[in-house]
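Undergrad: Got a structure here, written out as structure tokens. Questions coming.
Here, each number is a calculation from the coordinates, and none is a lab measurement. All of these numbers come straight from a predicted model, not from anything done at the bench. Note that each Cβ is placed from the backbone with ideal geometry, even for glycine, and that neighbours are counted across all protein chains shown.
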Amino acid sequence: MRAVAISLKIPDNTAFTAAVALRRLGIGVERVERSEIWFFEEEGSALIERITADETIFNPNKHCVTLLDEAVPRSGEVWIEPLEPRHPDPSTSSGEGRRATAWRLFGPNEATLDRESLGAAVERLLCNPAIERAVY
Amino acid sequence: MSARIAVPVFPGTNSEDETLRLLRDCGGNAELVHWSQASNLAHYDAYVLAGGFAYEDRIRAGAIAAHDRMMDSVIEAAGSGKLVFGICNGAQILLEAGLVPGTGSIRRPTAAFTRNAPAPHFVCRHVYLKLAIEPARCAITAALPEDAIVPAWAAHAEGRLAATPEHLREIVAGGHLAFTYAHSTGAVDQAAIPNGSALGCAGLVNRAGNVLAIMPHPERDAWNFNHLDRREGDDVLATSGGSVLFRSFVQALASS
């Protein structure tokens, strides 16, 4: 399985709002990066070509796409996944299979947050355990 | 001087005007309180959180607003027994704030009004809410008759109650299921539920009975000009419209 991150190359107001809210909760966040993680069975450059051609999930004017080396969160990152599988959406040609929202949290000097701080961010804001699971 | 009702306005709230108008038409002394005036909120006697998209639903619907400074006052007020009523996005905020069903900790949600199912799309549909508790169980519904039917408009993409099976049982056993979706006759079945909500839930109440969260908008079927059945005479408010719930709210405040 390959994981692909689609993120904004324009300013991400949602990530900025999350950073402000987390600071208000006492979590030492300087910056937050957000991306949508899509999981695919297929491999390689053909996958990127297909994604970048799918205007329902990728807009070249505002998105960038990254093929991740491993389908696991990076340092300082949490993936929030819905507990219930999404129902297929025929309006999206890539379908709506397994998907996650990735939040990567940075502290002072661009250091990623440690696991304890990340856990606090997850518990206090980023994840509603009634409907979501956090992977980090 | 009559009790003062605050309608907090978060960035992205969009139903505050009709909510305010209906509260006033029902005899309430209501005012809008914008996010820049958060420190004023503590001075009010009751709170109605209107619909919309507070903070653009960033992270999750209601998640950022639940941690907003304005909610500090609302949470404190709810704890002291003041009436708090949330509609649509206001209901989502109350869930994220942990005020309803209120079985967990503050700001640690135990349930969610989340993405509709089976189609994960926005629904705009006229619905009926059936009171599923004894009217007096919740101060805000105390003036309604038993099994009251309240017309409203469902207008949301994320209105489906979701929680673990254990917690759903706890919601039922604890008397937190305040309203279910129903037909106009009061009959309850799957066809009456617009969003796949667990338990057919349209509204939740906290343990103390002073915080009520409902997803549909009764204020959009309240005046004769927007009531589906317009044969109810010359009154401004439709007697069988969604205003019955707002009247009950104002009445509860007057008698508290």
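Undergrad: In debye to the nearest 20, how big a dipole does chain B give about its Cα centre with +1 on each Lys and Arg Cβ and -1 on each Asp and Glu Cβ?
TA: With only Lys, Arg, Asp and Glu charged at Cβ, the dipole is about 420 debye.
Undergrad: Follow-up. Beyond 31 Å, what share of the Cα-Cα pairs of the protein assembly as shown remains, rounded to the nearest whole percent?
TA: Details: 29769 of 76636 pairs.
Summing the P(r) tail past 31 Å for the protein assembly as shown gives 39 percent.
Undergrad: Right, here's the next one. Take every DSSP beta bridge with both residues inside chain B and express the antiparallel ones as a percent of the total, to the nearest 5.
TA: Just about 60 percent of them are antiparallel.
Undergrad: Moving to a separate point now. Whole-Hz ³J(HN,Hα) for each residue in the range B:9-14, computed from phi via Karplus 6.51 cos²θ - 1.76 cosθ + 1.60 with θ = phi - 60°, x for glycine and proline: what do you get?
TA: Couplings: 10, 8, x, x, 5, 9 Hz.
Undergrad: Fewest Cβ neighbours within 10 Å first, please rank A:Glu84, B:Glu146, B:Glu96 accordingly.
TA: Going from sparsest to densest Cβ surroundings: B:Glu146, A:Glu84, B:Glu96.
Undergrad: So if a site counts as exposed when it's one of the GluC sites (Glu not before Pro), its DSSP state isn't H, G, I, E or B, and it has at most 12 other Cβ atoms within 10 Å, what's the longest stretch of chain A without one?
TA: That gives A:71-136 as the longest site-free run.
Undergrad: Same structure again: Under the rule of at least 5 residues apart or a separate chain, name every residue whose amide H is placed under 5 Å from the amide H of B:Ala148.
TA: For B:Ala148, the qualifying residues are B:Leu131.
Undergrad: Still on this structure: Using bins 5 angstrom wide from zero, how does P(r) for the range B:4-255 break down, in % of all Cα pairs?
TA: All Cα pairs considered, the percentages come to 1, 7, 15, 21, 22, 18, 11, 4, 1, 0.
Undergrad: For B:Ser80, B:Ser2, which order do you get if you count the other beta carbons within 10 Å of each Cβ and list the fewest first?
TA: Result, fewest neighbours first: B:Ser80, B:Ser2.
Undergrad: Under the Karplus relation 6.51 cos²θ - 1.76 cosθ + 1.60, θ = phi - 60°, what is the ordered set of whole-Hz ³J(HN,Hα) values for the range B:190-201, x standing for Gly and Pro?
TA: 4, 5, 7, 8, x, 9, x, 4, 4, 6, x, 6
Undergrad: A further question follows. Using Cβ counts within 10 Å as a stand-in for footprinting exposure, how do B:His43, B:His227, B:His34 rank, fewest first?
TA: On the way: B:His43 10, B:His227 20, B:His34 15.
So the ranking, lowest neighbour count to highest, is B:His43, B:His34, B:His227.
Undergrad: For B:Asp17 and B:Ser255, what is the calculated FRET efficiency with R₀ set at 35 Å and r taken between the beta-carbons, to the nearest 0.05?
TA: Approximately 0.80, to the nearest 0.05.
Undergrad: So, one more: Give the calculated FRET efficiency between B:Glu166 and A:Cys64 to the nearest 0.05, with a Förster radius of 41 Å applied to their Cβ-Cβ distance.
TA: Values: r = 42 Å, r/R0 = 1.02.
Result of the calculation: an efficiency of 0.45.
Undergrad: Here's a follow-up. Work out the mean other chain Cβ neighbour count within 10 Å for the residues of A:121-130 and drop it here as an integer.
TA: Counting other chains' Cβ atoms within 10 Å and averaging over A:121-130 gives 5.
Undergrad: Note the angle between two axes, namely the Cα long axis of helix A:13-24 and the longest principal axis of the Cα atoms of chain A, as a number of degrees from 0 to 90, rounded to the nearest 10.
TA: Result, in degrees: 20.
Undergrad: While we're here: Under 5 Å between amide H atoms, partner at least 5 residues away or on a different chain: which partners does B:Val9 have, H built in plane at 1.01 Å?
TA: Placed amide hydrogens put B:Val33, B:His34, B:Trp35 under 5 Å from B:Val9.
Undergrad: Which whole-Hz ³J(HN,Hα) couplings does the range B:135-146 yield from phi under the Karplus relation 6.51 cos²θ - 1.76 cosθ + 1.60, θ = phi - 60°, glycine and proline marked x?
TA: Using θ = phi - 60°, the values come out as x, 6, 4, 10, 4, 6, 9, 4, 8, 7, x, 4 Hz.
Undergrad: To check my understanding: the extent here is largest minus smallest coordinate of the Cα atoms along each principal axis. What are those three numbers for the range A:2-135, in Å, largest first?
TA: Projected onto the principal axes, the Cα atoms of the range A:2-135 cover 42, 32, 25 Å.
Undergrad: What percent do you get for the relative contact order of the range A:2-135 when only Cα pairs under 8 Å and 6+ apart count?
TA: Reported as a whole number, the value is 32 percent.
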